[in-house]
Amino acid sequence: SLLSPYLKSYGGWDAGIVTNIAFRKGFSIQPELSYVEKGFKVQEGWNIPVLGIDIPLGTKVITKLRYIEMPVLAKYSFGNEVIKGYVMAGPTFAYAASAASKTYANFIVDIELKEIAIPLSTINGQRFEVGGMIGIGTALAIGNSSIFFDARYAQGFTDVSKMPVIDLNIKNHRFGLNAGFLVPLN
């Protein structure tokens with residue numbers, strides 16, 4: 001698309017709850033419910049020479065979409081009772097709850113100018129997103145509970161924008177590092 005060289009992925013944070021339903025030795029299904037920020041930025045800048053020193057001058061716009069997301073991951077765990085490794089993959093389903101853009105001017109430092117809420121329903125924003133996720137991680141036993149660390153890659157398959165004249169073909173994707181504490185419910 002025309003904007004491809006200017007659009008850069010912009011990640012936010014996520015938080016959620018996880019459950020793990022074991023059904024065979026090492027195999028389980030892990031449904032999750034998360035609040036996730038995804039987005040992109042457009043940035044343009046120049047260096048202005050002043051007395052032999054390049055002074056940065058520019059603008060950027062950061063657009064964040066805030067999703068309620070539900071990955072349903074097939075998980076295979078291996079290892080012993082103290083430390084386990086795992087791999088996982090599966091579909092993700094998300095709903096865009098809100099969106100906003102922040103504009104910045106840059107003159108040596110970023111100066112926030114304004115945040116504008118984006119009314120997704122009035123600009124043909126695609127609220128529902130379907131995607132896929134893969135990941136690898138480890139879990140360390142702490143008594144009956146465990147602490148986990150993993151790395152994941154998620155790719156949206158749904159075009160974020162459904163503009164009738166211009167097809168921007170913007171799809172979310174992200175790489176994330178996660179950590180959490182798992183407590184058995186039984």
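With springs connecting C-alpha atoms under 10 Å apart, model the chain as a Gaussian network and identify which of 39, 137, 26 has the largest mean-square fluctuation.
26
Below 8 Å between Cα atoms, with a sequence gap of 6+, how large is the relative contact order for the chain in percent?
This gives 17 percent for the chain.
On average over all directions, what projected area in square nanometres does the range 26-82 have, based on the convex hull of its Cα atoms?
That works out to 8.3 nm².
Would you mind telling me the share, in percent, of accessible area of the range 12-86 contributed by carbon and sulfur at probe 1.4 angstrom?
C and S atoms contribute 65 percent here.
Rank these residues by their accessible area, most exposed first, probe 1.4 Å: 67, 76, 104.
Sorted descending by solvent-accessible area, the residues read 76, 104, 67.
So in the chain, what percent of DSSP beta bridges are antiparallel if you round to the nearest 5?
So the antiparallel bridges amount to about 100 percent of the total.
Work out how much length residue 70 to residue 110 would gain on full extension: take 0.36 nm times their residue separation and subtract the Cα-Cα distance, in nm to one decimal.
11.0 nm
With every protein chain kept in place and ligands, DNA and RNA left out, what is the accessible area per residue of the range 5-130? Probe 1.4 Å, answer in Å².
I get 62 Å² per residue for the range 5-130.
With a 10 Å cut-off between alpha carbons and a GNM built on the chain, which of 61, 18, 82 moves the most?
Among 61, 18, 82, the largest GNM mean-square fluctuation belongs to 82.
What is the Cα centroid distance between the range 23-60 and the range 94-155, reported in whole angstrom?
Cα centroid to Cα centroid, the span is 9 Å.
Protein chains only, probe 1.4 Å: how do 120, 113 rank by accessible area, largest first?
These residues rank, largest area first, as 113, 120.
Could you tell me the ratio Rg/Rh of the range 70-145? Both radii from Cα atoms, Rh via Kirkwood.
Reported Rg/Rh, Kirkwood definition of Rh: 1.24.
Past the 31 Å Cα-Cα mark, which pairs from 102/171; 60/84; 25/64; 38/114; 8/114; 64/84?
60/84; 25/64; 64/84
Just need the Rg to Rh number for the chain, please, alpha carbons only, Kirkwood Rh.
1.09
The values are calculated or read from the model by the stated rules, or taken from the named source; none is laboratory data. Here the structure is a predicted model, which is why all the values come from computation and not from measurement. Just the protein is used for accessible areas: all its heavy atoms, side chains included, with ligands, DNA and RNA removed. Shrake-Rupley method; radii C 1.70, N 1.55, O 1.52, S 1.80 Å.
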